[in-house]
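Heads up: the structure comes next, in structure tokens.
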Amino acid sequence: MNSQIATTKRIIRFQNGSEYRRFLRHLSEAASSAARLKAIKPLPFIRGISCRLPPDARLLESCSGRIWMEQDCKISVSPSGQRGLALENGIPWGIQQIRAPQAWGITTGHRVKVGVIDTGVDFNHPDLHHSLLRGINLLNRSKMPYDDNGHGTHIAGTIAAANQMHGMIGVAPRALIAPVKAFDHNGSAFVSDIILGIEWCVRNGMNVINMSFGMKTRSKALLGAVTNAYNSGVIIVASSGNDGKLRSVDYPARYPQTISVGATNRHRRVAPFSNRGTYIDIYAPGDKITSAWLRGKYNEMSGTSMATSHVSGAIALLLSLRPGLSPGEIKSIMKRSMQPLKNSKARRNIGELDVIRMLQAAERK
């Protein structure tokens, strides 16, 4: 093994469970004598670890079973244009466009749990006060998942803000957000932290996981975590990316076990920055979206991240009425009930989220 591999952060996965446990035992024994092995991160959800390997990597040679190794890549919250602003009125345009308010007479997403793997959340924001669970800070387990970036607070606001009298209201105002802080103040995270976040969401009974981030490279370790969550009945909603590409979608949105989301504008057209094409499952408002921000403020942001939070909120509305639906059934209902986009050349199988049509389609299921 060359020194380049030795100094790179890696994810190692094991085909065999007993081999994985034996390797962890060996590793912990070696860690007591090797400073380089102190930063070992077990990833039990995928039978793996993240660590920087020592130069000789003799521990791996002792494994008789099959192992896979990949780089523990950096992943970013989808970059978005933004500007600070005052709130105009209680219901942002995107929430009106998907017809969420018309559904609040029958569902508000009551007690549906949405795990938001992101930069954390502003726990002191008046519009989020009634919508937050404790969550977890994967970067520092002794601290609450406070947001030091803003992106996670913006996402949480669109999903479940609930302060119509003085602030804004989200798609599912009685849903519960569990902030899972995997991203630092720069909006950057390692794949291994995302995997830990997915595992936390599954173990703590989240119904939906919002993933408003993406990367260009495929990670089999991340696919393993997404697949395990899907098989556990957890719906994962992921942003397609902001490259304006026709046939390209970021990971994890490209995985078929997720609901991949593109962005539209006020005119029901695909936003110029949004990725598009066959990999997109559904579009939702993502252009110039106003939502909660740090220090109790508001911000306007554009991106497929914002579109993703509209879809997560809509799924919370649906699950409150139909709690038994599987991830596959929810995806099918959403794709059957889309509002056609305003573009005569568009294929018939692409469209925008429409909450009322979605709930009607679920009735007919």
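The values are calculated or read from the model by the stated rules, or taken from the named source; none is laboratory data. The structure presented is a predicted model; accordingly, all values stated were derived computationally and were not measured. We place every Cβ from the backbone using ideal geometry, glycine too, and count neighbours over all the protein chains shown.
Kindly provide the set of residues from the range 243-260 that are charged (D, E, K, R) and under 14 Å from Lys220 (Cβ atoms), ordered by number. Full working, then the answer.
Applying the first criterion (charged (D, E, K, R)) to the range 243-260 yields 243, 245, 247, 250, 254.
Matches in the range 243-260: Arg254 only.
Could you figure out which of (1) in a loop (DSSP other than H, G, I, E, B); (2) touching a Leu at 6+ places or on another chain (Cβ under 9 Å) isn't true of Ala225?
Single failed check for Ala225: (1).
Test of understanding: among Ser302, Ser291, Ser326, which residue is assigned by TED's automatic domain parsing to the domain that holds Val116 and touching a Lys or Arg at 6+ places or on another chain (Cβ under 6 Å)? Spell out the reasoning first.
Details: Ser291 fails: touching a Lys or Arg at 6+ places or on another chain (Cβ under 6 Å); Ser326 fails: touching a Lys or Arg at 6+ places or on another chain (Cβ under 6 Å).
After applying the criteria, what remains is Ser302.
Identify, from the list Ser309, Ser337, the residue that is assigned by TED's automatic domain parsing to the domain that holds Gly157, among the hydroxyl-bearing types (Ser, Thr, Tyr) and touching a residue at least 40 places away in the same chain (Cβ under 8 Å). Spell out the reasoning first.
Values: Ser337 fails: touching a residue at least 40 places away in the same chain (Cβ under 8 Å).
The unique qualifying residue is Ser309.
Report those strands (runs of 3 or more DSSP E) wholly inside the range 51-104 carrying at least 3 residues which are touching a strand residue (DSSP E or B) at 6+ places or on another chain (Cβ under 8 Å) and at pLDDT 65 or above. Give the steps one after another, and end with the answer.
On the way: elements: 67-71, 74-77, 81-84.
Here the list reads 67-71, 74-77.
If you check Leu222 against the conditions, is it within 15 Å of the chain's Cα centre (by Cα), of a type outside the set (S, T, N, Q), farther than 23 Å from His154 by Cβ and assigned by TED's automatic domain parsing to the domain that holds Ser320? I'd like the intermediate steps shown before the answer.
Numbers: within 15 Å of the chain's Cα centre (by Cα): yes; of a type outside the set (S, T, N, Q): yes; farther than 23 Å from His154 by Cβ: yes; assigned by TED's automatic domain parsing to the domain that holds Ser320: yes.
Considered against the rule, which asks whether it is within 15 Å of the chain's Cα centre (by Cα), of a type outside the set (S, T, N, Q), farther than 23 Å from His154 by Cβ and assigned by TED's automatic domain parsing to the domain that holds Ser320, Leu222 comes out as yes.
In the range 349-357, is there at least one residue being more than 20 Å from Leu176 (Cβ to Cβ), assigned to a loop (DSSP other than H, G, I, E, B) and at pLDDT 95 or above?
Pass one, the range 349-357, residues more than 20 Å from Leu176 (Cβ to Cβ): 349-354, 356-357.
Applying the additional criterion that residues be assigned to a loop (DSSP other than H, G, I, E, B) yields 349-350, 353-354.
Now restrict to residues that are at pLDDT 95 or above: 353-354.
Among the residues of the range 349-357, at least one is more than 20 Å from Leu176 (Cβ to Cβ), assigned to a loop (DSSP other than H, G, I, E, B) and at pLDDT 95 or above, which makes the answer yes.
Looking only at the range 158-180, which residues are crowded, with 21+ Cβ neighbours inside 10 Å, more than 22 Å from Met144 (Cα to Cα) and among the aliphatic types (A, V, I, L, M)?
Met168, Ile169, Val171, Ala172 - these are the residues of the range 158-180 that are crowded, with 21+ Cβ neighbours inside 10 Å, more than 22 Å from Met144 (Cα to Cα) and among the aliphatic types (A, V, I, L, M).
Working carefully through the options Gly105, Gly94, Gly90, Gly135, find the one that is under 21 Å from the mean Cα position of the chain (by Cα) and within 26 Å of Met358 (Cα to Cα). Give the derivation first.
Details: Gly105 fails: under 21 Å from the mean Cα position of the chain (by Cα); Gly90 fails: under 21 Å from the mean Cα position of the chain (by Cα); Gly135 fails: within 26 Å of Met358 (Cα to Cα).
Exactly one residue qualifies, and that residue is Gly94.
Has the range 331-346 got at least one residue that is surrounded by fewer than 24 Cβ atoms within 10 Å (Cβ to Cβ), charged (D, E, K, R), modelled with pLDDT of 95 or more and under 19 Å from the mean Cα position of the chain (by Cα)?
For the range 331-346, residues surrounded by fewer than 24 Cβ atoms within 10 Å (Cβ to Cβ), charged (D, E, K, R), modelled with pLDDT of 95 or more and under 19 Å from the mean Cα position of the chain (by Cα): present.
Say whether the condition of being within 20 Å of Gly152 (Cβ to Cβ) and of a type in the set (A, V, I, L, M, F, W, C) is met by at least one residue in the range 274-282.
Residues of the range 274-282 that are within 20 Å of Gly152 (Cβ to Cβ), as a first pass: none.
No - not one qualifying residue is present in the range 274-282.
Quick test for you: out of Gly167, Gly150, pick the one residue that is under 28 Å from Leu353 (Cα atoms), in contact with an Asp or Glu (Cβ under 7 Å, 6 or more places away or on another chain) and not hydrophobic (A, V, I, L, M, F, W, C). Can you show your working first?
On the way: Gly150 fails: in contact with an Asp or Glu (Cβ under 7 Å, 6 or more places away or on another chain).
Of the residues listed, the single one that is under 28 Å from Leu353 (Cα atoms), in contact with an Asp or Glu (Cβ under 7 Å, 6 or more places away or on another chain) and not hydrophobic (A, V, I, L, M, F, W, C) is Gly167.
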